[in-house]
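Colleague: Below are the structure tokens for one structure; questions will follow.
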Amino acid sequence: MTAIKETSTIQENKQYALEKCPVTFVMEKIGGYWKPIILYHLASGDKRYSELKRAIPTITEKMLIQHLKQLEVDGLVIREAKPVVPPFVTYRLSNAGKGLLPVIEAMADWAFKVKDGVYNIQ
């Protein structure tokens, strides 16, 4: 993987947006295709990796692992591994992740309204 040039104009603009716009900061943490779906499924409680994989059958193992790691690094998900054989790993929302639940619920509510024709999107 190529290294990110820290002094580039793009990186400066991105850093400026993250500092000045709270929505950009949130989207940096939960943006993308899979992260909101993972958070949505963890909202109902702790899940093992296999439970998340079954709940989101179209996600590849690589993407699920990658996004769970990113969510953990960002402090939104807590990974708990019990030292048994085979390993018993569960994922749950952190307090910061739980704080995002109203945002996720609002996004879901908006999506259902669009789907039901309450809002007309052209």
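The values are calculated or read from the model by the stated rules, or taken from the named source; none is laboratory data. The structure displayed is predicted, hence computed values, not measured ones. Every residue, glycine among them, receives a Cβ derived from its backbone with ideal geometry; neighbour counts consider all protein chains shown. Accessible surface is based on the protein model in full, side chains and every heavy atom, while ligands, DNA and RNA are left aside. Shrake-Rupley method; radii C 1.70, N 1.55, O 1.52, S 1.80 Å.
Colleague: Determine, yes or no, whether residue 81 is open to solvent by less than 80 Å² (accessible area, probe 1.4 Å), over 11 Å from residue 42 (Cα atoms), assigned to a helix (DSSP H, G or I) and hydrophobic (A, V, I, L, M, F, W, C).
Modeller: The answer is no for residue 81.
Conditions tested, residue by residue: (1) open to solvent by 60 Å² or more (accessible area, probe 1.4 Å); (2) of a type in the set (A, V, I, L, M, F, W, C); (3) not in a loop (DSSP other than H, G, I, E, B).
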| position | (1), (2), (3) |
| --- | --- |
| 23 | yes, yes, yes |
| 29 | no, no, yes |
| 67 | no, no, yes |
| 104 | no, yes, yes |
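Colleague: Residue 75 - would you say it is touching a helix residue (DSSP H, G or I) at 6+ places or on another chain (Cβ under 6 Å), among the small types (Gly, Ala, Ser) and not in a helix (DSSP H, G or I)?
Modeller: So residue 75 passes the test.
Colleague: Could I ask something else about it? Among the numbered criteria (1) under 23 Å from residue 95 (Cβ atoms); (2) at pLDDT 80 or above, which single criterion is violated by residue 18?
Modeller: Going through (1) under 23 Å from residue 95 (Cβ atoms); (2) at pLDDT 80 or above one by one, residue 18 breaks only (2).
Yes/no matrix, rows are residues, columns are (1) part of a loop (DSSP other than H, G, I, E, B); (2) surrounded by 15 or more Cβ atoms within 10 Å (Cβ to Cβ); (3) touching a Lys or Arg at 6+ places or on another chain (Cβ under 9 Å); (4) without any contact (Cβ under 8 Å) to a residue 60 or more places away in the chain:
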position	(1), (2), (3), (4)
45	yes, no, yes, yes
63	no, yes, no, yes
91	no, yes, yes, yes
108	no, no, no, no
117	yes, no, no, yes
